[in-house]
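For reference, the structure is listed below as structure tokens.
The values are calculated or read from the model by the stated rules, or taken from the named source; none is laboratory data. Worth saying up front: this structure is predicted, and the values here are computed from it rather than measured. No Cβ is skipped: glycine too gets one built from the backbone with ideal geometry, and neighbour counts run over all protein chains shown. The protein model used for the area step is the full one, side chains on, heavy atoms only, and it has no ligands, DNA or RNA in it. Shrake-Rupley method; radii C 1.70, N 1.55, O 1.52, S 1.80 Å.
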Amino acid sequence: MATLSLIGIGSGDPRQLTQQAIDAIAELDVALVLDKGADSGELRHLREQLLARFGGNRLRVVRLSDPPRAAQGEYLARVEAWHEQRAERWEAVLREQLGAQQTAGMLVWGDPAFYDSTIRIAQAIKRRGAIPLELKVIPGISSIQLLAAAHQIALNQLNGTIHITTGRRLRDEGLPQGIDEAVVMLDGQCSFLQCAAPESEIFWGACLGSADEQLIRGSVAEVGEQIRQAREALRERKGWVMDIYLLRNVRGGNERAEAPSSTPCSR
Ligand SMILES: C[S@@+](CC[C@H](N)C(=O)[O-])C[C@H]1O[C@@H](n2cnc3c(N)ncnc32)[C@H](O)[C@@H]1O
């Protein structure tokens with residue numbers, strides 16, 4: 001049976017690859033590299049460099065264009081339809097490129113378990129059954145871990161809960177009651193400016209693990225605008241930016257809040 005390996009690569013710095021990821025890349029016959037348009041050129045280049053460095057002599061690198069995502073319609077329905085199209089496209093390429101006993105691979109940014117659709121799409125291909133496939137998932141270092149290490153913090157407070165969410169959900173729903181720590185990803189709109197209590201502490205990081213890494217921490221009231229400007233400057237210079245932050249509700253030092261800690265967004 002053919003194998004499809006989904007390999008977490010961290011943030012592109014080769015030193016973040018685990019030995020398991022290096023071994024998995026060395027075993028590949030075919031690597032599928034997504035081409036998501038101009039903004040992702042740098043990320044694609046990083047992946048191709050890792051493949052050139054750690055791939056074996058037989059490795060073929062195949063670029064795969066992403067189908068466009070519909071601009072109109074309900075968000076989840078649009079994403080599901082897009083995943084379906086991607087599954088069809090990836091399946092067609094695998095059928096064309098992969099021998100019955102061969103191994104294909106995809107390098108996944110960070111860790112495949114966090115806000116990444118690669119596992120879901122690979123499972124959809126498997127379910128369709130047109131290609132008998134064994135799946136392998138190799139964990140990588142996530143931006144969540146990079147954020148905590150860069151700021152030298154533990155994400156949870158003593159015996160506390162950590163919530164992981166997106167900028168969209170923070171804007172739509174705020175934080176659930178009782179949540180003191182929230183990691184927010186995929187937030188192109190600096191939602192903390194409208195949705196976090198001004199006294200909340202924010203630990204922000206952009207382009208973590210790269211030469212462009214930037215870190216800012218402080219209360220939202222004090223550093224919120226500084227973060228927005230730093231983010232915008234990076235986006236203008238690079239054409240894209242990835243950033244992530246931890247919001248920590250500060251209510252009398254590390255004491256747990258008696259009042260609900262939820263901070264619903266007014267929008
Ligand atoms: C599609 S998700 C992929 C997350 C990835 N699977 C991970 O484990 O980090 C992309 C989001 O991850 C975060 N992210 C990924 N890499 C990052 C980096 N190097 N620096 C800061 N944030 C990053 C950002 O919130 C970005 O919007």
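Some notes on this structure:
- Label-point separation in nm, Leu186 to Gln97, each point 7 Å along Cα→Cβ: 2.4 nm
- For Asp180, distant residues with modelled amide H under 5 Å away: Thr161
- Under 19 Å of direct C-alpha separation, and excluding same-chain neighbours fewer than eight residues apart, Lys238 reaches these lysines: Lys36.
- Distance cut-off 27 Å, percentage of C-alpha pairs in the stretch 2-138 lying past it: 16 percent
- Antiparallel %, DSSP beta bridges [both residues in the stretch 2-138], to 5: 5 percent
- In straight-distance terms, cross-link reach from Lys136 covers every one of the lysines whose alpha-carbon lies under 16 Å from its own, apart from those fewer than eight places away in the same chain; here that gives Lys126.
- Counting only protein heavy atoms and a 1.4 Å probe, the stretch 143-248 has 46 square angstrom of accessible area per residue.
- Computed about the Cα centre, the dipole magnitude for the stretch 110-237 is approximately 740 debye when only Lys and Arg (+1) and Asp and Glu (-1) carry charge, each at its Cβ.
- Over the stretch 143-248, the Kirkwood radius and the radius of gyration, each from Cα atoms, give a ratio Rg/Rh of 0.94.
- q = 0.07, 0.09, 0.10 Å⁻¹: log10 I(q)/I(0) that the Debye formula gives for the chain, counting C-alpha atoms only: -0.29, -0.47, -0.58
- Here the chain is assigned +1 on the Cβ of each Lys and Arg and -1 on the Cβ of each Asp and Glu. Its dipole about the Cα centre then comes out at about 640 debye.
- The H on the amide N of Ser11, modeled in the peptide plane, is under 5 Å from the matching H of Gly110, each at least 5 residues off or on a different chain.
- At a probe radius of 1.4 angstrom, the accessible area of the stretch 2-138 per residue rounds to 52 square angstrom.
- The charge dipole of the stretch 2-138, taken about its Cα centre with unit charges on the Cβ atoms of Lys, Arg (+1), Asp and Glu (-1) only, comes to about 180 debye.
- 3J(HN,Hα) from dihedral phi, the stretch 75-86, Karplus parametrisation 6.51/-1.76/1.60, rounded to Hz, x for glycine, proline: 4, 5, 5, 5, 5, 5, 5, 5, 4, 4, 5, 5
- Range of Cα positions in the stretch 23-104 per principal axis (Å), largest first: 45, 31, 18
- Of Val33, Val184, Val93, the one that fluctuates the most in a GNM where the chain has Cα springs shorter than 10 Å: Val93
- If both residues of a DSSP beta bridge must be in the chain, then about 40% of such bridges are antiparallel.
- Here the label points at Gln226 and Glu48, each 7 Å from Cα along the C-beta direction, are separated by 3.9 nm in the simple model.
- Sequence-distant residues sharing a close amide H with Ser5 (under 5 Å, placed H): Ala104, Gly105, Met106, Lys136
- Each residue of the stretch 157-173 was assigned a 3J(HN,Hα) from its phi angle through the Karplus curve 6.51 cos²θ - 1.76 cosθ + 1.60 (θ = phi - 60°); the sequence is 7, 3, 6, x, 9, 10, 10, 10, 8, 10, x, 4, 6, 4, 5, 6, 10 Hz, with glycine and proline shown as x.
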